[in-house]
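Please read the structure below before turning to the comments.
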Amino acid sequence: MLAVMVSKETRTTTSTAMSIRGSTEPENENANGRPATRAWVTRLVVVGIVLSALNLRPAITSLGALLEEVRDGLGMSGTAAGVLTSVPPFCFALFGVMAPGLARRFGVGAVVCAGMAAIAAGLAIRPWTGTAAGFLAASALALMGIAVSNVLMPVVVKRWFPDRVGSMTGLYSMALALGTAAAAAITVPMTEALGGSWRSGLTVWGILAAAAVVPWIPLARERGAGGSKGEASSARGTSATGEGEGERAGALRITRSRTAWALAVFFGLQATAAYVTMGWMAQIFRDAGVPAATAGLLLAVTMAMGVPLAFVIPRVATRLPRQGPIVVVLGCCGLLGYAGLYIAPAGGAWAWAVLLGIANCAFPLALTMVGMRARTGAGVAQLSAFAQSAGYLISIPGPLVVGVLYQHSGGWGLPLALMAGLLLPQMAVGVLAGRDRTVEDEAAAR
């Protein structure tokens, strides 16, 4: 009898202690039903998010700054270069759709860690393959890592910071814009400092990607502990009440949601503009007589506009019931920028770079709307995978068509008219995607 009483008391004491330790022990849940986490793990997640975001675009913008040298070194035609600039959205569409399934099986931390490792390996290998086919294959490896991280970053934000979606998405978007701008700005000077070899200039970015692997290693290894258990729960969609929300999420037919489709098309059209800008804008300025280093700096200015705005726009968007007005303002800036590039590409170069940089902030707005248009972590995972995969699939022809039009027309008039024309449907579907509703409600209603 005494042993039984002691046993009961021990269990009671242990339960009480676990309750007291709730905020520091990963295997406990807080009042909202989410697994509580150690403070150091949360800080590590923040570091991981920032370093990951810094590495999600240098693979593309560093290539854009040296595209002419890469074309000459590998013997690429304008059409082949267009194919090269179309590879990023193709890989994002192909591999991004796999991210939720991989996260359920291996954990979000492990998948992001593997993604960062793939980026590092691809960037280190691709300049030294010696052939266009090898360059494309190594680029695809890096882009595969970017694709899964693209999809899972909103899931990480929603799971770890559900009450700070706007601010954390802003931080992530700001770091992404900073990495994008840095790669555009310093790739050419860094290449010259390394002896003028474009291969050395592109290889250096693999070092930054390798650094991004480090914070995710302990998160990947915590499978079964708080961090990864919580992540897995988020990927499966376990609800705060203990219901099988993962089952409900599995039954969610995302394609029944008009908002999901509108967000996917919006994502695709803004991605088209972004990858045309990253792949071709430096070349537009160079063809207008702007020196290569200055053209790279102008591209950097375009990307750098996203550093402050990518932090501000998500915070403003989360405070508005509808995000349509922001969509329209960004689209109008893009129309002015394309018109300027056609009329006076060199004379007003800095103004056009700034306007197109503002227009490119449709990307952090799209990410913010992904987090706002779904109620649960599972819903965000499904919406993120659908919107990004379908969106990047839509964006695949854009850079290729621009390359073909440029080569066969001998100028930038037709490509710029195409890009300006695509902004009109982008604004229309963006207004639809910005309405105050959730994909769960729409799918259930239909």
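The values are calculated or read from the model by the stated rules, or taken from the named source; none is laboratory data. The structure presented is a predicted model; accordingly, all values stated were derived computationally and were not measured. Please note: Cβ atoms are built from the backbone with ideal geometry, for glycine as well, and neighbour counts cover all protein chains shown. Just the protein is used for accessible areas: all its heavy atoms, side chains included, with ligands, DNA and RNA removed. Shrake-Rupley method; radii C 1.70, N 1.55, O 1.52, S 1.80 Å.
Summary table
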| quantity | calculated |
| --- | --- |
| Search result, residues across the range 340-350 that are free of Cβ contacts under 8 Å to residues at least 12 places away in the same chain and either within 30 Å of the chain's Cα centre (by Cα) or open to solvent by less than 50 Å² (accessible area, probe 1.4 Å) (or both) | Ala344, Gly348 |
| Residue, modelled with the lowest pLDDT, within the range 287-306, restricted to residues that are open to solvent by less than 30 Å² (accessible area, probe 1.4 Å) and not polar (S, T, N, Q) | Gly306 |
| Unique match (being surrounded by fewer than 23 Cβ atoms within 10 Å (Cβ to Cβ) and not hydrophobic (A, V, I, L, M, F, W, C)) among Thr61, Thr42 | Thr42 |
| Every pair of residues 6+ apart whose Cβ atoms lie under 7 Å, when the first sits in the range 74-95 and is at pLDDT 75 or above and open to solvent by less than 20 Å² (accessible area, probe 1.4 Å) while the second is aliphatic (A, V, I, L, M) and part of a loop (DSSP other than H, G, I, E, B) | Pro89/Ile396; Ala93/Ile396 |
| Among residues of the range 400-411, those that are open to solvent by 30 Å² or more (accessible area, probe 1.4 Å) and in contact (Cβ under 8 Å) with a residue 60 or more places away in the chain, counted | 5 |
| Which numbered condition Ala445 fails, given (1) crowded, with 20+ Cβ neighbours inside 10 Å; (2) farther than 21 Å from Gly324 by Cβ | (1) |
| Residues within the range 126-179 that are touching a helix residue (DSSP H, G or I) at 6+ places or on another chain (Cβ under 9 Å), surrounded by fewer than 23 Cβ atoms within 10 Å (Cβ to Cβ) and without any contact (Cβ under 8 Å) to a residue 60 or more places away in the chain, tallied | 13 |
| Any hit, the range 377-399, residues being over 16 Å from Trp261 (Cβ atoms), in a helix (DSSP H, G or I) and open to solvent by 30 Å² or more (accessible area, probe 1.4 Å) | yes |
| Criterion violated by Leu414 - all others in (1) more than 30 Å from Gly107 (Cα to Cα); (2) in contact (Cβ under 8 Å) with a residue 60 or more places away in the chain satisfied | (2) |
| Cβ pairs under 6 Å, 6+ apart, first in the range 249-263 and polar (S, T, N, Q), second at pLDDT below 90 | Ser257/Val439; Ser257/Glu442; Ser257/Ala443; Thr259/Arg373; Thr259/Arg437; Thr259/Val439; Thr259/Glu442 |
| Flag for Gly115 being under 15 Å from the mean Cα position of the chain (by Cα), at pLDDT 90 or above and of a type in the set (Gly, Ala, Ser) | yes |
| Within the range 284-375, helices (runs of 4 or more DSSP H) holding 2 or more residues that are basic (Lys, Arg) | 306-319 |
| Condition met for Ile313 (modelled with pLDDT of 95 or more, open to solvent by less than 40 Å² (accessible area, probe 1.4 Å) and within 24 Å of Gly179 (Cβ to Cβ)) | no |
| The listed residue being assigned by the TED database to the domain that holds Cys361, free of Cβ contacts under 8 Å to residues at least 24 places away in the same chain, open to solvent by 20 Å² or more (accessible area, probe 1.4 Å) and of a type outside the set (Gly, Ala, Ser), out of Leu269, Leu336 | Leu336 |
